[in-house]
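*Asks:* Quick one: the structure is below, questions incoming.
The values are calculated or read from the model by the stated rules, or taken from the named source; none is laboratory data. Note that the coordinates shown come from a computational prediction; the quantities given were computed from them, not determined experimentally. Ideal geometry is used to build each Cβ from the backbone, glycine not excepted, and the neighbour counts take in all protein chains shown. Heavy atoms of the whole protein, side chains included, go into the accessibility calculation; ligands, DNA and RNA do not. Shrake-Rupley method; radii C 1.70, N 1.55, O 1.52, S 1.80 Å.
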Amino acid sequence: MSYECIKVDVADGLARVSINRPDKLNALNIRTICELIESFTALRDDGSVRVVVLTGEGGKSFAAGADIPELREQGLLGGKTFSERGHRLCNLIENLGKPVIAAVNGFALGGGCEIAMACTVRIASDKAKLGQPEITLGTIPGYGGTVRLSRLVPRGLAMELMLTGRIIGAEEALRIGLVNKVVAHDDLEAETSKLAALLMSKPPFALKAVMEAVLHGTEIAFEEGCRLEQDLFAMTCGTEDFREGMSAFIEKREAKFTGR
Ligand code: COA
């Protein structure tokens, strides 16, 4: 499949998706969001893909938010569709069932920050700048930012960032828990690949089970979350990878997981 606004490369179980509008700092026009939905749907359904890395082309920006000239044209109904489309993408990424690593290589603003937050983990370049500046444009985050930012960082900080539109650097993002790790800009690709390789060495169903337990188990009543964990735990016990992991430990060798 060929895309106009994104690039997708798949090799040896690792998919690399990059937003490809560097002259517009990878601003998210409608076409980009549609292409991302299409590509992530295909990657979700491709059993050979174990891990996805999402980044932006050009070395300066992950994504600088919704395409402002396009957004300006939206009215009440168009705005709702615009927001729903972004939510569809972020929910798809968050529930992909395989880890998605955001390699935040520069600006992750507005919708860019929201997409990064929907990813499973975020590694940031020391040059990254993150924020939800929508308030300065007369609107609010529309791709799940009010909900995800408030769950990732303390609520008071989420409020402050969204009410002021303040853009923060990578170190502050790390300190408040918005990103998992900060690395030197030139090391971002290598560090991301290292994490991707580590995740690809793990049993895929157990990875999926952890993600489902964390994403859904923490949004329901405590006892229901614990029950969900019990069921997912039991399901891992029915996999070949479970036998392999246990046997490898007992036989003092490294486990080789096959995804079965
Ligand atoms: N939508 C559309 N185009 C955008 C964009 C966006 N969100 N963000 C940047 N661009 C475009 C600029 O219009 C410019 O295009 P041009 O060269 O054709 O004029 C190009 O990307 C480079 O941006 P520029 O502003 O010149 O770069 P900068 O380094 O001076 O500033 C930012 C970078 C990110 C601080 C600035 O572009 C910005 O504030 N962008 C908007 C961020 C935002 O509010 N996002 C939320 C949207 S809801």
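*Asks:* Consider Arg72 carefully, then state whether it is in contact with a Gly (Cβ under 9 Å, 6 or more places away or on another chain) and among the charged types (D, E, K, R).
*Replies:* Numbers: in contact with a Gly (Cβ under 9 Å, 6 or more places away or on another chain): no; among the charged types (D, E, K, R): yes.
No.
*Asks:* Another one. Exactly one condition in (1) touching an Asp or Glu at 6+ places or on another chain (Cβ under 7 Å); (2) surrounded by 12 or more Cβ atoms within 10 Å (Cβ to Cβ); (3) under 16 Å from Ile123 (Cβ atoms) is not met by Ala184; state its number.
*Replies:* Failed condition: (2).
*Asks:* So, one more: So if I check each of Leu130, Leu198, which one is at pLDDT 95 or above and either open to solvent by 30 Å² or more (accessible area, probe 1.4 Å) or away from the ligand (no atom under 16 Å from the Cβ) (or both)?
*Replies:* Residue meeting the stated conditions: Leu198.
*Asks:* Of the residues in the stretch 59-94, how many are more than 16 Å from Ala116 (Cβ to Cβ) and in a loop (DSSP other than H, G, I, E, B)?
*Replies:* Looking only at that region, the number is 5.
*Asks:* All but one of (1) under 29 Å from Gly145 (Cβ atoms); (2) surrounded by fewer than 13 Cβ atoms within 10 Å (Cβ to Cβ) hold for Arg253, so report the exception by its number.
*Replies:* For Arg253, the exception is condition (1).
*Asks:* I've got another one for you. Evaluate the following for Arg151: is it within 16 Å of the ligand (Cβ to nearest atom) and more than 10 Å from the chain's Cα centre (by Cα)?
*Replies:* So Arg151 does not fit the description; no.
*Asks:* While we're looking at this one, here's another question. I'm trying to understand the selection: among the residues of the stretch 29-50, which are out of contact with any helix residue (DSSP H, G or I) (no Cβ under 9 Å at 6 or more places or on another chain), closer than 19 Å to Asp67 by Cβ and not hydroxyl-bearing (Ser, Thr, Tyr)?
*Replies:* Arg31, Glu35, Glu38
*Asks:* Within the stretch 1-53, which residues are more than 16 Å from the ligand (Cβ to nearest atom), part of a loop (DSSP other than H, G, I, E, B) and open to solvent by less than 50 Å² (accessible area, probe 1.4 Å)?
*Replies:* Answer for the stretch 1-53, where residues must be more than 16 Å from the ligand (Cβ to nearest atom), part of a loop (DSSP other than H, G, I, E, B) and open to solvent by less than 50 Å² (accessible area, probe 1.4 Å): Gly13, Val49.
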